[in-house]
Amino acid sequence: MDTGNDELFTMDTRQRVSLPPSAVPAGEAKRFRDYDQTQQFLLPPSLDDWLTGDDEARFISEIVEHVLDLTDIYASYENLRGGPPYEPAMMLKVLLYAYSTGITSSRKIEKACHRDIAFRWLTGNQTPDYRSLARFRKRHLNAVAGLFTQVLAVCAQAGMVQLGRVALDGTKLDANASKHKAMSYDRMDTKIQALQSEVDSLLAAAEDTDEVEDAEYGHDQRGDEIPDELRHRQRRIAKLKAAKADIETEAKARAAAKARDKAAKKHASAEEQDTVAEEAAEKAVPQAKTQRNFTDPESRMMKTNHGFDYAYNGQAIVDETAQVIITTDLTGKATDVQQLVPMHETMVDQLAEADIDQHPGVFLGDAGYCSNANLTAAEDLAGTVLVATGRERAGESFPGPDAPVPADATVREAMAHRLRQPDDRAHYARRKAIVEPVFGQMKTRQAAGQLRLRGLAAVKCEWVLHAVCHNLRKLRAIASFPPVIGAMATT
C-alpha cells in the first residue's frame, strides 16, 4: 500500500526505513548508523565485556567465589549418582542474584538465563532448566539459610554492625495458598458426609458393574482400575479429615496451655497444672469459623495490607548503622507478642556464631510485643530493652516523666515511665526508621512479600534467603567494591 512516504535505504539494502516527508531534509537524504539484525560477529564475543564493572551480578559472583564457605553444599554431592549436575557455585550465584532482583519463580529464572546478560554471565552461558533450579533450591534450602551467619560476619567486618541500637518488628508475608482452597471447621463434617455419600454411591455402582462383568467375562478376570472420580473424592475426604484433626489438636493445645498458665498464677503444683491442662484439652472444642487451607495447611489467615489472607509472620532484628538484619525468623502465628524473647535469644546465639563478641546497647520493640511476661523477662535480657506499652488500660495509671515510679507499679507502668524519660524516648523514636524501611525494601526490590514455597519449614528458609540477599545488597551499597571483597577473602 502506498503511504505517501519517501523511502530511505541504509548501506544494506535489506534494511528499509520509511520516514514521513517532513523528516527528510530538502535536497539530501539523512544518513543513519548501519543496522543489520543478521550481522555476525567477526570474533567470538566475550560476555564479560557486556557487563559493567560495578554490576550487582559481579558482586554476587565475587562473594560466592571468594568469601562464602560452601562446604555443606558440596558435601551433599559426595555419594550422588547419575549424570554430572550443574556447578553448585554457579547455581547459588543465580539463586542469590535472582532473589536479590525480585525473581523468585524458577520458570522466570530459567527464562532470564536465556535472555538476561547478567544471568548468562553468571551461568557462563549455560541455561539450567527450571526443574534443575527448583531442585537446587529445595535441596539446599537449609544450607543456603546457613549462609546468613557468614554474610552477617562479613557485614560486621565491613563495619556495618555496631549494635548501638537494634529494632525488632514483624511483617505479614503472603503464603503460596489460595483463599478458594480452604474450609472452616463447621463445614468440614457436612462436606465429609456428602463426599462419603458420593463415594458409597460410586462403590455401589462399581460393584454392580463388577457383577455384570463377572457374568460376562468370568470371576478370574481382572477388572478396571479405581475410577478417577472415586479416587479424587477419597483424596478429598482424607485431606478434610486431616485438616479437621489438625484444628482439633491445635484447639486442645491452646486450651491446655491457657489452663496451665492460669493454674501457675495460682501457684499450683506441677502435677496439678498437668491435671488441669489434660482436663481442659479433653473439653476443648474448636471455634466454628477456624479455617484450614488445603494448598498450604500450615499457613494461617492473617490481616495483611490488602485485607485478610493466608500468610506467615516474618520477624527481623535490624541494626541501626546500615539496616543490616542481624536475626530473622518466621512463624505461623499472627501476633508478635510471643516472639520477643525467642528472637532475642536467637540474636545472642547468631551474634556468637558470627564471632561478634558484643550485645546490643538498646533493644527496641513496638506495642505488639508488650505483655507482662515479656516486660518481666526483659529485665534479664542483655542490653536495655524498650517496648512500647500502648494506651493505658482500665485500672492503670502511667506516671508522668517527672513523677517518681510508685512502689507498687506494674511492669507496664514502669516501662511507660521509662519511655517518657528524654533519653529512652529518643531511643524509641528511632525504632520505626531502623526496621520498617527494611521490610519495604525487601518487598519492593526482592518481591519478598509473596512467598514462593509452601510449608512452615520451607518458607522459614526462604525468608532467611531473602534476609541474606538484603544484607548482600546493603554490603554492596556501602562496601568499596571490589577491593573490600579482596581484603575480606584474605582474612
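The values are calculated or read from the model by the stated rules, or taken from the named source; none is laboratory data. This is a predicted model, so every value here is computed, not measured. We place every Cβ from the backbone using ideal geometry, glycine too, and count neighbours over all the protein chains shown. Heavy atoms of the whole protein, side chains included, go into the accessibility calculation; ligands, DNA and RNA do not. Shrake-Rupley method; radii C 1.70, N 1.55, O 1.52, S 1.80 Å.
Expressed as a whole percentage, what fraction of the accessible surface of the range 237-372 belongs to carbon and sulfur atoms when a 1.4 Å probe is rolled over the protein heavy atoms?
51 percent
What's the carbon and sulfur percent of the range 90-133's accessible surface, probe 1.4 angstrom, rounded to a whole number?
41 percent
Got a sec? What order do His427, His470, His66 fall in by accessible area at 1.4 Å, biggest, i.e. largest, first?
His66, His427, His470
Just the accessible area for Met301, please: 1.4 Å probe, Å², rounded to the nearest 10?
Here the accessible area works out near 80 Å².
Accessible area, 1.4 Å probe, largest first: how do Lys266, Lys30 sort?
Lys266, Lys30
Round to the nearest 10 and report in Å² the accessible area of Ile325, as given by a 1.4 Å probe over the protein chains' heavy atoms.
0 Å²
Put Asp402, Asp246 in order of accessible area, largest first, 1.4 Å probe: what do you get?
In descending accessible area the options line up as Asp402, Asp246.
Rounded to a whole number, what % of the accessible area of the range 384-473 do carbon and sulfur atoms account for, probe 1.4 Å?
53 percent
Which value, in Å² rounded to 10, gives the accessible area of Arg254 with a 1.4 Å probe and all protein chains present?
For Arg254, solvent-accessible area is about 140 Å².
Determine the per residue accessible area of the range 360-475 with all protein chains present and a 1.4 angstrom probe, expressed in square angstrom.
Values: 5240 Å² over 116 residues.
That works out to 45 Å² per residue.
Can you tell me the accessible area per residue over the range 85-124, all protein chains present, probe 1.4 angstrom, in square angstrom?
Per-residue accessible area for the range 85-124 comes out at 38 Å².
Would you mind pulling out the separation of the Cα centroids of the range 51-90 and the range 251-318, in Å?
Taking the Cα centre of the range 251-318 as reference, the centre of the range 51-90 is 42 Å away.
Excluding Leu456 itself, calculate the net charge of residues whose Cβ lies under 12 Å from the Cβ of Leu456, where each Lys or Arg counts +1 and each Asp or Glu counts -1. Before the final figure, lay out each step's value.
Values: positive: Arg300, Lys333, Arg454, Lys460; negative: Asp296, Glu298, Asp329, Glu462.
After counting each charged neighbour, the total is 0.
Tabulate in residue order the Karplus-calculated ³J(HN,Hα) for the range 124-134, using 6.51 cos²θ - 1.76 cosθ + 1.60 with θ = phi - 60°, rounded to whole Hz; enter x for Gly and Pro.
For the range 124-134, the Karplus-derived couplings read x, 6, 8, 10, x, 7, 5, 5, 5, 5, 5 Hz, x marking Gly and Pro.
State in Å² the accessible area per residue of the range 263-338; use a 1.4 Å probe, count heavy atoms of protein chains only, and round to the nearest integer.
53 Å²
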